[in-house]
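This report concerns only the one structure given below.
The values are calculated or read from the model by the stated rules, or taken from the named source; none is laboratory data. Note that the coordinates shown come from a computational prediction; the quantities given were computed from them, not determined experimentally. Here the Cβ positions follow ideal geometry from the backbone for every residue, glycine too, while neighbour counts run over all protein chains shown.
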Amino acid sequence: MSHADDLGHPEASIQRAELHDDAQRVALAWRSLRRGTAARKMRTLAWAPDPPQLDIGQIDSLDLLVRHRSWTMCEFATALGIDPSTATRAIGRLIDVGLAERHTCATDKRVTLVNATPLGRQTQRRIATRRLAVVTEALETFDTDERHTLAELLDRLVASLDQVVERRT
């Protein structure tokens, strides 16, 4: 139904306005989760005081990198949803601080493989443990049903966003 069609259906117009308001609230909450004061402080809680200090992109890369023994650069870029040159830079930053290593595939010298170093795996475990502790504490203010509902709705939101982005690209 188009906006013009809403004119004859006040209920549809109200529903569209409510959808817009809810979408705005979700977008603002999402921004706060990514960039708000709590997010900045959470990054400090999750990553400090132990070096190396990593940015969110490096954390995302390290989280993904430890999921497999090794990745081709193409697989890594695809899994992270970035272009190969960005993946190469991301891995380079992790290599610079000793959290990843790059080597040539033994069976095909044209293929570059990347993997987390033991320090990278240890660092990722430390960060994941701290991050989980902060989220767990935040979820203590929710009852069991609310936690389950929130988790289910976030899963659905992520899946829905993936579908929308896929349709639009």
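List of remarks:
- The set of residues in the stretch 92-113 that are assigned to a loop (DSSP other than H, G, I, E, B) and either surrounded by 12 or more Cβ atoms within 10 Å (Cβ to Cβ) or hydroxyl-bearing (Ser, Thr, Tyr) (or both) comprises 97, 98, 99, 105, 107, 111.
- Restricting the stretch 51-79 to residues that are among the aliphatic types (A, V, I, L, M) and over 20 Å from residue 39 (Cβ atoms) leaves a set whose member that is surrounded by the fewest Cβ atoms within 10 Å (Cβ to Cβ) is 79.
For (1) under 29 Å from residue 23 (Cβ atoms); (2) charged (D, E, K, R), each residue gets a yes or a no:
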site	(1), (2)
119	no, no
122	no, no
129	no, no
136	yes, no
143	yes, yes
149	yes, no
153	yes, no
159	yes, no
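- You will find that of 33, 19, the residue that is more than 17 Å from the chain's Cα centre (by Cα) and either exposed (fewer than 14 other Cβ atoms within 10 Å of the Cβ) or among the small types (Gly, Ala, Ser) (or both) is 19 and no other.
- Helices (runs of 4 or more DSSP H) (entirely within the stretch 1-52) containing at least 2 residues that are outside the structural domain of residue 98 (by TED's automatic domain parsing) and at pLDDT 70 or above: 10-35, 37-47
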